[in-house]
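Written out below as structure tokens is the structure these notes cover.
Laboratory data are not the source of any read-out in this text; all were calculated from the coordinates shown. Since this is a predicted model, take the numbers as computed values, not measurements. Glycine gets a Cβ as well: all are built from the backbone with ideal geometry, and neighbour counts include every protein chain shown.
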Amino acid sequence: MLTDFERDILVKLCLETNMAKAAHLPEHVLVRRFPNMGHQVRKALSKLISKGYVARHPTRNEMTYQLTDIGREECRKMKAKA
């Protein structure tokens, strides 16, 4: 079960990547979308990773994040409800 804030992070990740399988987003992009909430964003990302919705993707300079199949399916469900 996702919290509201975890759901917000997941939605933002879905929107920023257009739910593409190969797309991955740097952490700072998500932190920038939620001003003054950097610690909460990082905590929500780690929870989403442990629940299987998001995967870490290391790059040369920083850690990036991408949606898993479960994450993309959850995005589709949320989009259908809206």
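The residues of segment 7-32 that are in contact with a helix residue (DSSP H, G or I) (Cβ under 8 Å, 6 or more places away or on another chain) and farther than 23 Å from Lys81 by Cα, listed by number, are Ala23, His24, Leu25, Glu27, Val29, Leu30, Val31.
Applying the condition of being touching a residue at least 12 places away in the same chain (Cβ under 8 Å) and basic (Lys, Arg) to segment 1-38 and asking which residue is surrounded by the fewest Cβ atoms within 10 Å (Cβ to Cβ) yields Lys21. Cβ separations smaller than 7 Å between residues 6+ apart or across chains give the following pairs from segment 59-82 residues that are in contact (Cβ under 8 Å) with a residue 12 or more places away in the chain to residues that are surrounded by 10 or more Cβ atoms within 10 Å (Cβ to Cβ) and acidic (Asp, Glu): Glu62/Glu27; Met63/Glu27; Tyr65/Glu27. Of the numbered criteria (1) surrounded by 16 or more Cβ atoms within 10 Å (Cβ to Cβ); (2) without any contact (Cβ under 8 Å) to a residue 12 or more places away in the chain; (3) not small (Gly, Ala, Ser), the one Tyr53 fails is (2).
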